[in-house]
Amino acid sequence: MKVNGLDEEDQVYFSLKNLYESFGYSRYKMRKFEEYSLYADNKNFLKSRDIITFSDRSGRLLALKPDVTLSIVKNNSLKGGCQKLYYRESVYRPDSNAQFKEISQIGLEYLGEVDGYAQLEVLSLAAQSLNAVGGGYVLDLSHMGVIEGIMEECHLSQCPPAVAECIKAKNLHDITEVCRRENLPEDVTKRLCALLGTKGGYKEQFASLKELFKNPKCLAAADELESLIAGLGQDGLAEVFRVDFSVINDASYYNGVVFQGYLEKFPRMVLSGGRYDNLVKKFNEKAGGMGFALYPDELSFYYRKQPEYDADILLLYGEKDSPAKVLRRAEELTGKGYSVRVAKTFPAGMKFASVENV
């Protein structure tokens with residue numbers, strides 16, 4: 001459906017543009033490609049390791065960008081303090097059928113010192129971004145310190161990939177066997193399963209975490225999340241955030257808060273984000289970063305509802321009708337806000353609110 005000539009994605013974008021600019025974010029535009037080495041050196045940060053590459057005339061190996069955040073972090077100097085940027089860009093990744101696809105993203109990045117206020121601002125803007133789409137929504141919120149603390153109890157620096165996949169899927173059926181194969185202590189595995197199986201709201205989630213894992217990293221993560229929830233509650237947003245410790249990202253890049261956004265009655269994630277100081281420090285030792293991206297391509301499925309009618313009015317004309325007269329009548333109707341299908345005969349399989357003859 002179009003309003004004022006804009007489709008749903010454009011409507012959402014212009015609403016978000018106004019929102020982000022009202023908080024001091026500036027539009028950032030980038031090239032469609034970067035040197036391949038940027039992505040080759042940071043493949044764990046990418047959603048897919050498959051990248052479209054080509055050589056320019058000088059022999060440099062370039063890549064169509066598979067990610068926006070990497071390009072922004074690489075190309076922005078933070079000598080003047082924090083940078084607050086938003087974007088509407090396309091990335092190029094393979095889909096579920098292994099076919100490369102152009103994927104639209106709308107998002108923002110907060111680069112610099114990510115203090116308590118900065119985190120609240122980004123989380124609030126993520127919630128308001130989903131609200132701009134329309135309908136009910138929820139954001140699942142977690143903290144990388146939780147999984148880091150649990151792995152420390154296993155004397156591991158990082159979570160084994162197979163265990164991480166079970167955690168993300170909340171696969172309590174297989175996680176015990178996977179943890180056994182990865183040599184995680186049986187006691188830690190039992191407590192991890194209990195944490196992932198905890199029911200209830202954020203108060204119950206925090207209580208379970210503090211009871212099951214008393215190491216400093218887990219407790220600090222719980223305290224930080226509790227503080228953020230309290231801050232969001234003052235703006236009436238706490239109820240749209242759910243604490244979910246199955247939300248984890250790659251610890252080589254992400255630290256602190258991570259989150260994912262969902263729309264009511266829609267199964268796929270449409271927004272993801274988090275704090276990625278570890279990535280920023282690869283390019284600027286004294287800075288951090290936090291941001292998120294909204295995926296309009298997913299929203300196209302959300303909006304894809306069959307309209308009741310193919311057009312408001314079917315305007316029928318005959319051989320004797322003047323083409324100019326037909327056009328004027330069509331323009332009169334569209335000028336009043338109606339959608340019009342002009343035809344000589346009734347189009348098969350289509351529906352209209354009304355039919356008129358010229």
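The values are calculated or read from the model by the stated rules, or taken from the named source; none is laboratory data. Treat the numbers as computed from the prediction; the structure is a model and nothing was measured. Methodologically, a virtual Cβ is constructed for each residue, glycine included, from the backbone with ideal geometry; neighbour enumeration extends over all protein chains shown. Side chains included, ligands, DNA and RNA excluded: accessible areas come from the protein's heavy atoms. Shrake-Rupley method; radii C 1.70, N 1.55, O 1.52, S 1.80 Å.
Here are a few things to note about the model shown:
- Selection count where residues are touching a Gly at 6+ places or on another chain (Cβ under 8 Å) and crowded, with 20+ Cβ neighbours inside 10 Å, scope region 229-253: 2
- Scan region 328-352 for residues that are in contact with an Asp or Glu (Cβ under 6 Å, 6 or more places away or on another chain) and over 12 Å from L315 (Cβ atoms) and the total you get is 2.
- Among residues of region 257-288, those that are crowded, with 20+ Cβ neighbours inside 10 Å and over 19 Å from V68 (Cα atoms), counted: 2
- Test: residue in region 130-137 that is at pLDDT 95 or above and either of a type in the set (A, V, I, L, M, F, W, C) or under 24 Å from F292 (Cα atoms) (or both): no
- Residue in region 319-326 that is over 14 Å from the mean Cα position of the chain (by Cα) and surrounded by 16 or more Cβ atoms within 10 Å (Cβ to Cβ) present: yes
- Meets criteria (open to solvent by less than 100 Å² (accessible area, probe 1.4 Å), over 29 Å from L78 (Cβ atoms) and charged (D, E, K, R)) for D310: yes
- Test for S246: is it polar (S, T, N, Q) and assigned to a strand (DSSP E or B): no
- Matching residues in region 133-176 - criterion: being assigned to a helix (DSSP H, G or I), of a type outside the set (A, V, I, L, M, F, W, C) and closer than 21 Å to F259 by Cα: G145, E148, G149, P161, E165, K168
- Looking only at region 195-224, and only at residues there that are outside any helix (DSSP H, G or I) and of a type outside the set (V, I, T), the one that is least open to solvent (accessible area, probe 1.4 Å): F213
- Failed item, numbered, when R88 is tested on (1) open to solvent by less than 30 Å² (accessible area, probe 1.4 Å); (2) under 23 Å from S15 (Cβ atoms): (1)
- Under the condition of being modelled with pLDDT of 75 or more, within 24 Å of S272 (Cα to Cα) and among the basic types (K, R), the residues counted in region 44-78 number 2.
- Selection within region 48-65 - surrounded by 13 or more Cβ atoms within 10 Å (Cβ to Cβ), touching an Asp or Glu at 6+ places or on another chain (Cβ under 8 Å) and of a type in the set (A, V, I, L, M, F, W, C): L62, A63
Matching residues to (1) hydrophobic (A, V, I, L, M, F, W, C); (2) touching a helix residue (DSSP H, G or I) at 6+ places or on another chain (Cβ under 8 Å); (3) farther than 24 Å from K203 by Cβ:
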| residue | (1), (2), (3) |
| --- | --- |
| Q119 | no, yes, no |
| Q128 | no, yes, yes |
| M151 | yes, no, yes |
| K168 | no, no, no |
